[in-house]
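First comes the structure, then the notes that go with it.
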Amino acid sequence: MAKIKLEIWCGSVDDVFQAAKAGADRVELNSCLFLGGLTPSIGEMRVAKNAGIAIMAMVRPREGGFCYTDMEFETALADAKALVEAGAEGIVFGFLKEDGTIDAERCRQLLAVIRPAQSVFHRAIDVVPDWRAGLD
């Protein structure tokens, strides 16, 4: 039987080291968990890599919904690139349009910035009006 991988949602570098000690296979590094998880700092990413565990980094420039202004989106792209350069195995993200549907063009742009790193579309899918169409 294949081993089930365990990923832990972490809100700090300390959380990453504790998850590694406890046997997690991978973590999702965030800041501000009480706001639903925001982009961690580059310093956090660099220090967290010392835990020796795979790290997916959240890219979410602010709390609230998942429809971002042009400047927030540019910030997300810059953060994603910097986090991968700092050692993240992948990026966790979600971009929606004003009508709540997935913003496929912005998703494509982020994927182009982080390739060949991994990607995960996060909980923004939970608020998409038709999640089945969103998966497509």
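Brief remarks on what is shown
- Bridgeable lysines around Lys21 (alpha carbons under 21 Å apart, same-chain partners fewer than 8 residues away excluded): Lys3, Lys5, Lys49.
- Accessible surface of the chain, 1.4 Å probe: 55 percent of it comes from carbon and sulfur atoms.
- Computed [θ] at 222 nm, helices only, for the chain once each DSSP H run of length n ≥ 4 contributes -39500 (n - 2.57): -10000 deg cm²/dmol
- Coarse-grained scattering of region 70-136 at q = 0.22, 0.26 Å⁻¹, given as base-10 log I(q)/I(0) from a Debye sum over alpha-carbon atoms: -0.93, -1.17
- Fully extended contour minus Cα-Cα distance, from Gln18 to Ser41, at 0.36 nm per residue: 6.4 nm
- Filtered GluC sites (Glu not before Pro), region 49-136: DSSP coil and at most 10 other beta carbons within 10 Å: Glu98
- Extension gain, Leu33 to Asp136, is 34.2 nm, computed as 0.36 nm per intervening residue step minus the present C-alpha separation.
- Distant-in-sequence amide H partners of Gly94 (H built 1.01 Å from N, under 5 Å): His122
- Applying the Karplus relation 6.51 cos²θ - 1.76 cosθ + 1.60 with θ = phi - 60° to region 75-80 yields 3J(HN,Hα) values of 4, 4, 4, 5, 5, 4 Hz, where x marks Gly and Pro.
The values are calculated or read from the model by the stated rules, or taken from the named source; none is laboratory data. Only a predicted model underlies this, so the values are computations on that prediction, with no experimental measurement involved. Reconstructed Cβ throughout: ideal geometry from the backbone, glycine too, with neighbour counts over all protein chains shown. All accessible areas refer to the heavy atoms of the entire protein, side chains included, with ligands and DNA or RNA removed. Shrake-Rupley method; radii C 1.70, N 1.55, O 1.52, S 1.80 Å.
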